[in-house]
1. All but one of (1) under 26 Å from A:I18 (Cα atoms); (2) at pLDDT 95 or above hold for A:R134; which doesn't?
2. For region A:111-126, indicate whether the set of residues that are more than 12 Å from chain B (Cβ to nearest Cβ) and hydroxyl-bearing (S, T, Y) is non-empty.
3. Tally time: how many residues in region A:139-162 are more than 18 Å from A:Y219 (Cα to Cα), of a type in the set (G, A, S) and buried (at least 16 other Cβ atoms within 10 Å of the Cβ)?
4. Could you tell me how many of the residues in region A:62-74 are near DNA strand C (Cβ under 10 Å from one of its atoms) and under 25 Å from the mean Cα position of the chain (by Cα)?
5. Give the residue, chosen from B:G127, B:G97, that is over 17 Å from B:Y219 (Cα atoms), touching a helix residue (DSSP H, G or I) at 6+ places or on another chain (Cβ under 8 Å) and exposed (fewer than 12 other Cβ atoms within 10 Å of the Cβ).
6. B:G120 passes all but one of (1) touching a Phe, Trp or Tyr at 6+ places or on another chain (Cβ under 7 Å); (2) away from DNA strand C (no atom under 16 Å from the Cβ); which number fails?
7. Considering only helices (runs of 4 or more DSSP H) fully contained in region B:129-245, which possess at least 2 residues that are within 14 Å of chain A (Cβ to nearest Cβ) and not aromatic (F, W, Y)?
2 protein chains.
Amino acid sequence: MELVSDNNTGYVPLYRQIKRLITESLVSGEWAPGSPIPSEMELAQRYSVSQGTVRKAVSELASQKILVRHQGKGTFVASHSQESTKFPFLRITPDSGVVEEVDARLLDFWRIKLDDHSAGFLNVAEGSSGWLIRRILAPEGEESIYEEIRLPGSSFETIEESMIHDHQCMLYSMYESIFNVRIVYVEERVKAIIGEGEIVDRLGLLDGAPLLKVERVAYTYDDRPVELRRSYCNTTKHSYRNKII
Amino acid sequence: MELVSDNNTGYVPLYRQIKRLITESLVSGEWAPGSPIPSEMELAQRYSVSQGTVRKAVSELASQKILVRHQGKGTFVASHSQESTKFPFLRITPDSGVVEEVDARLLDFWRIKLDDHSAGFLNVAEGSSGWLIRRILAPEGEESIYEEIRLPGSSFETIEESMIHDHQCMLYSMYESIFNVRIVYVEERVKAIIGEGEIVDRLGLLDGAPLLKVERVAYTYDDRPVELRRSYCNTTKHSYRNKII
DNA sequence: GAGTGGTCTAGACCACTCA
DNA sequence: GAGTGGTCTAGACCACTCA
């Protein structure tokens, strides 16, 4: 769940214990994405600590974007369904301006057996059942990203093509609302490759065109990987942007 | 300096004002990188506020990695000279393992006039004087990055080749100690391109090899840009890594 | 005006470092 | 054991939201 007690003494501050209890309620689904959690005063009573200690726990969860605070209104479970967080992890942006709209065009959707490599990233057994989604993304209407998404069958047993259609480029919102799988953070590895075959065809490019390959593993609470995504991006008019602190 | 008062009322919390005062002392050089700032109690007295308010200001600066706290020892101005932060912004890592060592080989070092594009990024006048550093980086001894670094003359008037040699791949540490320019964060734009000419030659590749182009602008306190860097990376054995929350 | 999160204080005590 | 940052409390008051 959390690296809480690496020291020898086993000392764990109260607010870390509270943070853990709150996270457990999130994992269990007691508080669903988008809905408010109890007020700081109520939580203080519930856990028999001061408001300040609850605040510290909530602050850490807010800084991880797991909770969202709104002064005067309350504290909410973060959700990918909200307008403000429309493309929270999308780092590909047009060189001029920002992303307003992304169109998604589904190519196909299969049940697959997860190969060694993919199963490793998803932390499931090789050959276990999963899903493959292939699609084209078009930021600002420009079809510039070819994408393959692999999902473990265990977490997404009942997924159907209609669900993908209904949510288009809001897949993470669909994971949340239908499968109670909230994506909390992602890790990406980026390479430059030479495009060939179907991928360049789909993007309207010629064999040999350079592509940005982005391999993403998406994690839910507890650092559990639940999605593997490979994107191939035409970066002639787009860039992968990153701010590092 | 800081987006502190965007609201209509002009209300600025005390701890934000303290944060600003601390930042001013950092900009002025009152507290240099690597050295300790006064204790929380001393700062509380100095600014006539409670320890808690100082803590809140310091906490924000610590989360921005501008200050570093060490329990029992004190609070220090973050520095690129410390071992723990050896490659704070380097996102290129070998596919197997982590970066232990990066060799830097200087190609050349010139005084230049900054072109339109570069001057724009550095927020100085077109044609104003600057410096160009060209070099090859070799993570784990593998020469896989060609790099061009442009510096504004205004901040680095007295830079010399020997300084670059002495600091090798610790340039940001050199900026700090010699020019009192501490890099606080960087912004990068990444593209996939086809390599050609001198760049591929330098990396021991053939014309047409795919390269990851990373364009970086580095900022000091006050969001002031002070370095423009273009890197071209051979990503056959390396990846650009990124965690997004 | 009631309820929420946000700020600020004063004070107690704890964990850690270093001489 | 003195000094540092780290945690926790109880209480006051502020800014903001919403009915």
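1. With respect to (1) under 26 Å from A:I18 (Cα atoms); (2) at pLDDT 95 or above, A:R134 is out only on (1).
2. Step one: filter region A:111-126 for residues more than 12 Å from chain B (Cβ to nearest Cβ), giving A:111-126.
With hydroxyl-bearing (S, T, Y) added as a condition, the list becomes A:118.
Checked region A:111-126: at least one residue is more than 12 Å from chain B (Cβ to nearest Cβ) and hydroxyl-bearing (S, T, Y).
3. Counting residues in region A:139-162 that are more than 18 Å from A:Y219 (Cα to Cα), of a type in the set (G, A, S) and buried (at least 16 other Cβ atoms within 10 Å of the Cβ) gives 1.
4. 6
5. Checking each option against the conditions leaves just B:G127.
6. (1)
7. B:197-202
Listed here are the residues, each with its yes/no results for (1) near DNA strand C (Cβ under 9 Å from one of its atoms); (2) closer than 19 Å to A:Y185 by Cβ; (3) within 14 Å of chain B (Cβ to nearest Cβ); (4) in contact with a strand residue (DSSP E or B) (Cβ under 6 Å, 6 or more places away or on another chain).
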{"residue": "A:L43", "(1), (2), (3), (4)": "yes, no, no, no"}
{"residue": "A:V49", "(1), (2), (3), (4)": "no, no, no, no"}
{"residue": "A:E60", "(1), (2), (3), (4)": "no, yes, yes, no"}
{"residue": "A:S81", "(1), (2), (3), (4)": "no, yes, no, no"}
{"residue": "A:F89", "(1), (2), (3), (4)": "no, yes, yes, yes"}
{"residue": "A:T93", "(1), (2), (3), (4)": "no, no, yes, yes"}
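The values are calculated or read from the model by the stated rules, or taken from the named source; none is laboratory data. This is a predicted model, so every value here is computed, not measured. Neighbour counts are summed over all protein chains in view; Cβ atoms, including those assigned to glycine, are modelled from backbone coordinates with ideal geometry.
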